[in-house]
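Visitor: Here it is: the structure, laid out below.
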Amino acid sequence: MSIPTEPISSLPRPRVLQTALAKYAEGQLTGAELASVQAQAVTDTLDRLEATGSPVLVDGDQAKPSSLTYPLTGDTTLKPDGVVIPYADGHTRQLPYLTAGPFRYQVRAETYLRDALRHTNRPVKQAVVAPSALSLFYPGDPIDGYSREAFLQDLADEAEAEIRACLDAGAHCVQLDFTEGRLSLKLDPSGGVLDDFIALNNEVLGRFGEKDQARLGVHTDPGADQESTHSLDVDYTGLLTKLFQLRAGNFYLQLASEPQPERVLKIVAEQLRPGIRVFVGVTDPIDPRVETPEEVRDRVLLAARHIPVDQLGTCDDAGFSPWADDISTSRDTAFAKIEARVRGTALASEALGL
């Protein structure tokens, strides 16, 4: 037995894809031409991940506009000036908001998964946006004829259908991206919004049986975009004491960039329940320096002091480019960090006699 290791999701888009995205936005490229470039980027991503020795692959979100907004690609009921997410370096991301119902996914992640599986025989993990994140798309003022309650019911149904389709298509694991968890405590320090997020996500996760829940995961981080974060300054405790209420078998936690990793590990150990696996972040996507395998090994060994090895895994802190236009990290750097994670996790497994 060795300690499992998995990537999170997004990876930097190659320069040719960045150029194609810009040309498409300017009307200089057709949708079919863009899709062809995206397909090439997916193939290259899978090949390069295999070359790192990664036992589990992802498509790197190469065809997603962002890991958050992809289900609404082409939706005509949206307006652009919704919730604003501020980052520590001063830049922001603004979400769209819904203007009419009923709410329906325009794109499901299962389509990305099926495309990836055509190019590899390796296990492929599929990341999906958590329903709690999409709940932010409903405006503050009620939509005429479409209540928030009706929207949340539709949202839960759509999220369930997407997850179930990914499982049926053969996903190694379906990972819900829950970066808004820690952010919610910045928006509402009382924890009320976080409680609502967890309840909504559990409404969806609870529709799956124990066998399927073992193939479901939740990833949380303080945001990773353009070498900045949106909520690293928020105490992790408020999130971690509630996170493991989620009905999933796997949890992917940002840890490498945490100022006090051992404090976090102690909190995780207190909250740990049987039957789940905790993947701890051992590489920091927004740090331009590539970690050494030995550094990764030592981070894993620290985690093993607090988490039983049969419940321990490793991952990157976050995806490397959750938004398609983020060019702050190069592909070479991202894959070098992933290789360091894979090699360092193997070194830790050897040190632990696994």
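The values are calculated or read from the model by the stated rules, or taken from the named source; none is laboratory data. Only a predicted model underlies this, so the values are computations on that prediction, with no experimental measurement involved. Glycine gets a Cβ as well: all are built from the backbone with ideal geometry, and neighbour counts include every protein chain shown.
Visitor: In region 46-59, what residues are buried (at least 16 other Cβ atoms within 10 Å of the Cβ) and in a helix (DSSP H, G or I)?
Guide: Leu46, Arg48, Leu49, Thr52
Visitor: Further, regarding this structure: Mind checking which residues of region 172-197 are outside any helix (DSSP H, G or I) and under 30 Å from Tyr112 (Cα atoms)?
Guide: Within region 172-197, His172, Cys173, Val174, Gln175, Leu176, Asp177, Phe178, Thr179 qualify.
Visitor: I need the full set of residues from region 76-102 which are over 22 Å from the mean Cα position of the chain (by Cα) and assigned to a loop (DSSP other than H, G, I, E, B), in order please.
Guide: Thr76, Thr77, Pro80, Asp81, Gly90, Thr99, Ala100, Gly101, Pro102
Visitor: Please indicate, with yes or no, whether at least one residue in region 216-225 is surrounded by fewer than 17 Cβ atoms within 10 Å (Cβ to Cβ) and of a type outside the set (A, V, I, L, M, F, W, C).
Guide: Scanning region 216-225 turns up no residue that is surrounded by fewer than 17 Cβ atoms within 10 Å (Cβ to Cβ) and of a type outside the set (A, V, I, L, M, F, W, C).
One line per residue, one yes/no per condition, for (1) over 19 Å from the mean Cα position of the chain (by Cα); (2) modelled with pLDDT under 95; (3) within 17 Å of Phe244 (Cβ to Cβ):
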position	(1), (2), (3)
Glu149	yes, no, no
Asp157	yes, no, no
Ile163	no, no, no
Arg182	no, yes, yes
Leu200	no, no, yes
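Visitor: Just give me the residues in region 1-22 being closer than 22 Å to Gln226 by Cβ and either loosely packed, with under 15 Cβ neighbours inside 10 Å or among the acidic types (Asp, Glu) (or both), in sequence order.
Guide: If the condition is that a residue be closer than 22 Å to Gln226 by Cβ and either loosely packed, with under 15 Cβ neighbours inside 10 Å or among the acidic types (Asp, Glu) (or both), then Arg15, Val16, Thr19, Ala22 are the ones that fit.
Visitor: Still on this structure: Is there a residue in region 5-18 that is among the small types (Gly, Ala, Ser) and either farther than 24 Å from Ile286 by Cβ or outside any loop (DSSP other than H, G, I, E, B) (or both)?
Guide: Looking for residues that are among the small types (Gly, Ala, Ser) and either farther than 24 Å from Ile286 by Cβ or outside any loop (DSSP other than H, G, I, E, B) (or both), one finds none in region 5-18, hence no.
Visitor: Considering every residue within region 122-139, establish whether at least one is part of a loop (DSSP other than H, G, I, E, B), under 19 Å from the mean Cα position of the chain (by Cα) and crowded, with 17+ Cβ neighbours inside 10 Å.
Guide: yes
Visitor: Among the candidates Asp287, Asp221, Asp188, single out the residue that is among the charged types (D, E, K, R), more than 16 Å from the chain's Cα centre (by Cα) and under 28 Å from Ser2 (Cβ atoms).
Guide: Asp287
Visitor: When the residues of region 203-218 are narrowed to those that are touching a strand residue (DSSP E or B) at 6+ places or on another chain (Cβ under 7 Å) and among the aliphatic types (A, V, I, L, M), which ends up nearest to Ser328 (Cα to Cα)?
Guide: Ranking the candidates gives Val218 first.
Visitor: Another question, then. Could you pull out the residue among Thr237, Thr229 that is surrounded by fewer than 17 Cβ atoms within 10 Å (Cβ to Cβ), touching a residue at least 12 places away in the same chain (Cβ under 8 Å) and of a type in the set (Val, Ile, Thr)?
Guide: Exactly one of Thr237, Thr229 is surrounded by fewer than 17 Cβ atoms within 10 Å (Cβ to Cβ), touching a residue at least 12 places away in the same chain (Cβ under 8 Å) and of a type in the set (Val, Ile, Thr), namely Thr237.
This table checks each residue for (1) surrounded by 15 or more Cβ atoms within 10 Å (Cβ to Cβ); (2) at pLDDT below 90; (3) out of contact with any His (no Cβ under 8 Å at 6 or more places or on another chain).
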residue	(1), (2), (3)
Glu33	no, no, yes
Ala41	yes, no, yes
Asp44	yes, no, yes
Asp61	yes, no, yes
Ser67	yes, yes, yes
Gly74	no, yes, yes
Asp81	no, yes, yes
Val84	no, yes, yes
Pro96	yes, yes, yes
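Visitor: Then there's this: Just checking, how many residues over region 314-354 are within 10 Å of Val282 (Cα to Cα), of a type outside the set (A, V, I, L, M, F, W, C) and touching an Asp or Glu at 6+ places or on another chain (Cβ under 9 Å)?
Guide: 6
Visitor: Also: If I go through region 98-121 residue by residue, how many of them are buried (at least 18 other Cβ atoms within 10 Å of the Cβ) and more than 15 Å from Asp59 (Cβ to Cβ)?
Guide: The number of residues fulfilling the criteria is 3.
Visitor: Still on this model: Conditions first: (1) crowded, with 22+ Cβ neighbours inside 10 Å; (2) in a helix (DSSP H, G or I). Ala161 passes all but one, so which condition is the exception?
Guide: (1)
Visitor: Additional query: Quick one: is Tyr112 among the aromatic types (Phe, Trp, Tyr) and within 18 Å of the chain's Cα centre (by Cα)?
Guide: So Tyr112 passes the test.
Visitor: So for region 219-234 (the condition being in contact with a strand residue (DSSP E or B) (Cβ under 8 Å, 6 or more places away or on another chain), under 30 Å from Gly170 (Cα atoms) and in a helix (DSSP H, G or I)), does at least one residue qualify?
Guide: For region 219-234, residues in contact with a strand residue (DSSP E or B) (Cβ under 8 Å, 6 or more places away or on another chain), under 30 Å from Gly170 (Cα atoms) and in a helix (DSSP H, G or I): absent.
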